[in-house]
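Report on the structure given below.
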Amino acid sequence: MKRTTRVSALVGLLLSLGLVWAASAGVLWNANSPTVARDAKYADAERLVFYRLEPGTSLRIPLPTDAQALRIMTHLVLPPGETYAPENQYVYGVDLRLLGAGAQGQPLLARRLFTRTRQSKAQPVDGLWMQESAFTADPGVQLTDGRELPLTLPPGSGSSTLELRYPGTRGALLVRVYARGQAAMPLSISGKARAVARAETRAERVTFEPWAKLTPTTQRALTEAQWLRVGADGEEGQDYRTEPVYRTAFRLPLLEVAESAQERLDAHRAVAVNVKGPTRLLVRLWSVSPQATAPVPDAVELSTLGADGHAQARKLAAPAAGDLSTTEVELPEGIHTLTLANGAAGDLRYAIEGPREAWLAPEPLKGAVGAAAAGARIAYLPDTRRVESYVAGPGCQAYELAVEADGDAAARLLRLDARSLGAGPSSVTLTMLDARGRSLSEARMDVGAEGAELEQVNLPPLAQGLLPCEQGVGGSEEAQGMRVAEQAARVSRPASARLVLPTGTRRVRIQASHPTALNLYSFLQAKEGPSASAPYSDETLVDVRWRHAPLEERSWYPLRPFNHRALAAQGAEVQLVSQVGLEPIVPEPTHVTSGVPLTLAPEGAPPTQELLEPVDPDARGQDAAKAAFTLLSPERGAVRAHFDSRVPTRPELQLRLEDAAALGSEVEVLLDGAPLHRAVLHATRSRELLPPIPPGVHEVLLRSSAQGLSALLNRPPAGGEGEGGLRTRTVYRLADGGLRIPVVKRGRGAVTLNMVLYTQSRAASSAPRLRVSLDGGAPRRRTGQLLPRLTRAQRELALPASDKPAAFPRGQPEVHWHARTVPVTLGEDLAPGVHWVSLKAQGLGPAWARFFVYGEDALDEVPQQWNRGGWEPEEGP
């Protein structure tokens with residue numbers, strides 16, 4: 001009996017444990033079921049009722065008598081079938097009219113407001129998003145994140161009525177209106193806390209600014225403001241429809257502040273985005289400025305620049321307030337930079353929309369992709385680069401740079417980029433000091449005031465309207481305790497210079513007459529040369545380059561002043577913000593002076609030969625007078641030739657016959673229509689001396705029945721008749737060992753060595769075929785002077801295509817040598833004296849060369865041009 005009782009107790013215990021386990025599992029399953037999660041999602045959200053506006057429908061809302069301002073909360077209802085993608089952005093607007101009191105309701109204000117938004121969703125579970133910024137009870141309805149549109153009412157509007165209308169053609173618009181009046185009720189302690197929390201949320205939604213960055217006045221105004229919801233006029237279901245909306249504080253982790261700033265297109269500024277075609281973009285422009293009462297024609301320039309150097313531009317109108325303009329842009333295959341420049345006096349808003357895969361930008365800038373469908377359209381933003389800069393000016397300490405200038409010229413090389421802040425020009429002075437503080441040299445550079453549309457400088461908190469180094473240290477004394485927001489300043493186009501420090505320099509002191517942002521760099525040659533990083537590294541560019549693209553390898557490295565802490569304490573530490581994009585390559589200027597070409601001979605005694613080169617028919621006058629031979633043939637007829645008594649040799653014909661079957665034919669030379677000489681062709685190559693001819697210009701005619709007969713007369717064509725003239729060229733063989741050419745530089749100015757290369761191919765080379773070295777890679781340079789550019793000590797050059805008639809050796813017209821000129825400029829940074837230019841061929845094949853310079857280079861002052869067209873390339877010395 002006892003044993004039966006024990007077994008029964010054990011079975012009961014096991015059954016009890018099973019029931020407890022089943023109940024616990026059921027509780028856990030229910031707690032994690034989609035239904036419970038959905039219920040918790042709705043319970044944690046704020047439920048608000050919105051008015052629903054279909055396309056073309058309107059809504060009337062009576063306003064309180066004392067209403068001063070409105071807040072219009074909006075959500076966009078996306079059309080059915082819209083696929084969610086976190087990078088998708090949507091532009092929408094609302095038409096509003098403020099109607100006065102009375103039956104007629106005279107319009108007091110008419111405005112169209114636009115904004116941009118997106119969707120924030122996360123944690124999908126069984127087709128349900130656990131986190132959403134805004135949603136309805138119907139999971140099939142897609143809502144965007146909320147946006148609030150503030151509106152200040154005109155004074156004396158009284159008992160007015162607000163009329164809202166949705167101007168879109170797809171989806172629907174949800175609106176909810178709040179009004180702020182004059183009365184302000186005192187708040188309790190708990191009420192103040194709730195008011196602060198509401199104000200923080202409202203500030204983030206409206207201004208995108210963190211609460212802590214707002215001024216105390218703004219914080220107090222937002223906290224004390226009491227907003228009352230105002231309802232529509234009429235009956236629900238007949239005059240209007242409502243839609244319950246659930247709202248949360250969830251937002252995707254994208255930088256709303258950056259988005260808000262990037263969509264601004266300030267006056268006289270520009271934005272640039274990079275695109276990979278073929279694709280089609282939409283460019284939207286609108287204005288939120290009340291002063292923009294009418295559109296301004298041709299105020300906005302839309303331009304594109306391709307990787308092949310092809311550029312296009314068109315003019316767009318700056319829209320008036322309430323207008324939205326949309327422009328389609330078709331881009332062909334390849335890389336392009338699209339630039340939108342605002343030339344109007346007022347600020348604009350913009351959106352450049354296109355497929356995500358067509359946007360050429362780093363992945364972090366594109367943000368989260370999620371499950372975006374192929375071809376999803378997003379709004380593009382510029383790829384900006386930020387560089388630390390320090391400001392020099394009359395109100396700040398001098399910029400002090402510590403250096404050790406005892407190494408070679410490359411170690412003593414500095415690069416200075418200067419940009420004037422605000423709208424004024426500046427003058428920058430550099431003083432080089434030795435270890436005892438004595439001045440070794442001083443140099444000056446002017447910085448222009450022309451604005452850089454694609455750059456700006458972000459300033460630290462300063463008094464409104466002041467720049468660093470203005471009115472004393474960090475601004476006026478009255479502004480020291482003020483809390484102000486960070487601001488952006490206009491910046492000029494960069495003025496860039498190079499400086500080789502004198503030996504013994506230990507400190508460089510920089511001062512400026514006007515607040516000027518400075519960036520200094522030291523040089524260290526990259527092994528493989530400078531190279532850009534992805535996505536800007538894989539494209540072939542023609543006559544263009546990337547401006548401010550991030551670099552994997554660089555040759556110029558930024559320097560920081562040793563007194564940077566003191567400068568930062570004075571408000572002189574700023575950020576230079578630049579946009580990445582394509583820009584045209586400005587050809588390096590070639591030094592050209594008037595004068596007679598001076599032929600240069602290479603060092604030693606390399607093999608030479610004489611080539612006969614046709615005179616360019618378009619280069620008449622001086623070029624034609626240099627011809628030494630005149631080409632004759634029976635087909636050409638009579639040719640005017642110049643016979644000079646000072647030429648000691650007798651007139652001579654060098655005859656050439658193409659077909660040996662014509663041997664035995666007779667050839668006759670006529671001078672001014674009279675017979676001069678007669679001969680019989682006994683060989684395909686022969687020479688015939690002519691009788692003495694009186695000095696002057698005479699017509700010479702070669703007459704013969706032989707086919708394929710031509711002759712060279714050793715006299716030049718008459719002046720003004722370059723066609724048919726030939727001149728002799730002494731050329732030097734470009735062997736494997738190369739050639740060394742001495743170039744004398746007599747003054748401060750530049751001198752250009754023109755190297756004319758002759759090869760058997762007329763086409764350009766796709767790869768570098770020449771290696772040019774100056775003074776063995778270590779040229780003597782001037783020190784202590786600011787210079788706009790440096791002469792490269794070593795470079796590799798590709799050959800351009802030949803556009804000149806082929807030259808040929810004397811007596812071998814069937815052998816063709818094609819000439820092209822490769823200039824090498826010895827800049828003003830090189831010291832006067834003799835410099836040796838070494839030239840070596842790399843896989844070029846048989847080649848010949850000759851060398852010349854034009855006249856004398858400049859001996860006195862050389863005009864300087866500091867302002868450069870955009871980004872300074874990463875060239876080596």
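Rule-based calculations on the coordinates, nothing more; no lab input. In this text the structure is predicted, and so the values were computed from the model without any measurement. Positions of Cβ are backbone-derived with ideal geometry, glycine not excepted, and every protein chain shown enters the neighbour counts.
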Requested in this report: Give me the distance between the Cα centres of the range 514-576 and the range 696-763, rounded to whole Å.
Outcome: 47
Query - Additional length obtainable on full extension of the chain from Ser537 to Lys366, 0.36 nm per residue less Cα span - result: 59.8 nm
Query raised in the report: How would you rank 639-652, 159-172, highest first, on the average number of other Cβ atoms within 10 Å across their residues?
Result: 159-172, 639-652
Query raised in the report: What is the spin-label model distance, in nm, from Ser645 to Thr242 if the labels are put 7 Å beyond Cα along the C-beta direction?
Result: 11.8
Query - Shape of the range 282-379, Cα gyration tensor, a/c cut at 1.5 - result: oblate
Query raised in the report: When the chain is fully extended, how far beyond the present Cα-Cα distance does Ala435 get from Trp227, taking 0.36 nm per residue of separation?
Result: 68.1 nm
Query raised in the report: How much net charge surrounds Pro278 when only the other residues with a Cβ under 12 Å from the Cβ of Pro278 are counted, with Lys and Arg +1 and Asp and Glu -1?
Result: -1
**Report entry** Average Cα contact separation per residue, the range 666-792, under 8 Å, 6 or more apart, as relative contact order %
**Finding:** 17
Query - Counted charge near Thr327, where neighbours are those whose Cβ lies closer than 14 Å (Asp, Glu -1; Lys, Arg +1) - result: -2
Query raised in the report: Among Pro692, Leu671, Ser761, whose Cα lies farthest out toward the positive end of the dipole of the range 649-784, if unit charges sit on the beta carbon of Lys, Arg (+1) and Asp, Glu (-1)?
Result: Ser761
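What FRET efficiency, computed as 1/(1 + (r/R0)^6) with R0 = 35 Å and r the Cβ-Cβ distance, is obtained for Arg795 and His310, rounded to the nearest 0.05?
According to the calculation, E is roughly 0.80.
Taking a threshold of 32 Å on the Cα-Cα distance, which of the pairs Lys121/Lys276; Lys804/Lys840; Lys745/Lys840; Lys276/Lys315; Lys121/Lys315 fall above it?
Lys121/Lys315
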